[in-house]
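Input: a single structure, listed below in structure tokens.
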Amino acid sequence: MLTQFEEKMEKTLASLGRDYQGIRAGRANPHILDKIKVDYYGTPTPLQQVGNISVPEARMLVIQPWDSSLIKAIEKAIQNSDIGINPSNDGKVIRLVFPELTEERRKELVKDVKKKGENAKVAIRNIRRDANDFLKKQNKASEISEDELKDNEEKVQKMTDKFIKEVDKAIDEKSQEILTI
């Protein structure tokens, strides 16, 4: 009966993980390009579907389009995105060189990581509230007893605590990754 709420909490945690993959921490990560769409013959297409993305060095991504006529479209999509890196191309491949992060930029990224983590915690607490409301309605309709209500509310709280701890752990790990030079 509580599995639907646990699944929602797991999805919240997974969503936070995907958000964190898009935050660059000084080294090149192909996931930073996940949200970029390229105009492929009039259709917005994910960058991963129009070329091969590789990481030849710690701070460089290389994008090799399968169709070389797409180089300009890929460059434009990257420039219009919010990743803040200027692409360079040699006619065959596009290179993205990640500059070393400044101390100030690292602190901004850590703030962003904490903000996203707090939003995930709020979402988990909202799921807890929904679960408790669901249990109270069942109790009112005499589908469950007072004892079952209390037991299930405790289970919901333990589940919430577990996921909040995991969010805190994810925040700490990503913050450490960003602050490590």
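The values are calculated or read from the model by the stated rules, or taken from the named source; none is laboratory data. Please read these numbers as outputs of a predicted model, since none were measured by experiment. We place every Cβ from the backbone using ideal geometry, glycine too, and count neighbours over all the protein chains shown. Accessible surface is based on the protein model in full, side chains and every heavy atom, while ligands, DNA and RNA are left aside. Shrake-Rupley method; radii C 1.70, N 1.55, O 1.52, S 1.80 Å.
With the other protein chains left in place, how much accessible area per residue, in square angstrom, belongs to the chain at a 1.4 angstrom probe? Please report the intermediate quantities before stating the final value.
Details: 11070 Å² over 181 residues.
Result: 61 Å² per residue.
Å³ per residue of the Cα convex hull, for segment 16-91?
Numbers: hull volume 7.1 nm³, N = 76.
About 93 Å³ per residue, rounded to a whole number.
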Exercise for review: Could I have the simple spin-label model distance between residue 59 and residue 89, label points 7 Å from Cα toward Cβ, reported in nm to one decimal?
Suggested key: 2.5
**Study point:** GluC sites (Glu not before Pro) lying in DSSP loop within segment 91-133, provided at most 10 other Cβ fall within 10 Å
**Key:** 100
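Find the relative contact order for segment 36-181 and round it to a whole percent, using C-alpha pairs within less than 8 Å whose residues are 6+ positions apart. Please report the intermediate quantities before stating the final value.
Values: 137 pairs, mean separation 25.3, N = 146.
Contact order relative to length: 17 percent.
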Point to revise | Spacing of the two label points (7 Å from each Cα toward its C-beta) at residue 155 and residue 125, in nm | key: 2.4
Point to revise | For segment 72-84, 3J(HN,Hα) per residue [Karplus equation, 6.51 cos²θ - 1.76 cosθ + 1.60, θ = phi - 60°, Hz, x = Gly/Pro] | key: 4, 5, 5, 4, 4, 4, 5, 5, 7, 7, 9, 7, x
**Study point:** MRE, 222 nm, helices only [DSSP H, n ≥ 4, -39500 (n - 2.57), over the chain, to nearest 500]
**Key:** -20000 deg cm²/dmol
Practice item. Give 137/169; 116/136; 72/115; 8/165; 35/116; 37/107 a once-over and call out the pairs whose C-alpha atoms are over 25 Å from each other. Key: 137/169; 116/136; 72/115; 37/107
Point to revise | With 5 Å bins from 0: P(r) over the chain, alpha-carbon pairs, percent | key: 1, 8, 14, 14, 12, 11, 10, 9, 7, 5, 4, 3, 1, 0, 0
Point to revise | Inter-probe distance in nm under a simple model that places probes 7 Å from Cα toward Cβ, at residue 39 and residue 107 | key: 4.0
Exercise for review: Report P(r) for segment 1-45: all Cα-Cα distances, bin width 10 Å, range 0 to the bin holding the largest distance, values in whole percent.
Suggested key: 23, 29, 28, 16, 3
Check your understanding: Within the accessible area of the chain, what % is carbon and sulfur when the probe is 1.4 Å and the other protein chains stay in place?
Key -> 48
Check your understanding: What is the sum of charges around residue 70, taking Lys and Arg as +1, Asp and Glu as -1, for the other residues whose C-beta is under 14 Å from the C-beta of residue 70?
Key -> +1
Practice item. May I ask for the angle, rounded to the nearest 10°, between helix 146-179 and the longest principal axis of the chain, with both axes built from Cα atoms and the value confined to 0 to 90°? Key: 20
Check your understanding: Where does the longest stretch of the chain lie that holds no trypsin sites (Lys or Arg not before Pro) found in a DSSP loop with 16 or fewer other Cβ atoms within 10 Å?
Key -> 93-181
Review point. Once the piece of chain linking residue 79 and residue 172 is laid out straight, how much longer is it, given 0.36 nm per residue of separation minus the C-alpha distance between them?
Key: 30.4 nm
Check your understanding: Looking at the chain, which longest stretch skips every one of the chymotrypsin sites (Phe, Trp or Tyr not before Pro) that is in a DSSP loop with at most 14 other Cβ atoms within 10 Å, leaving the sites themselves out?
Key -> 67-181
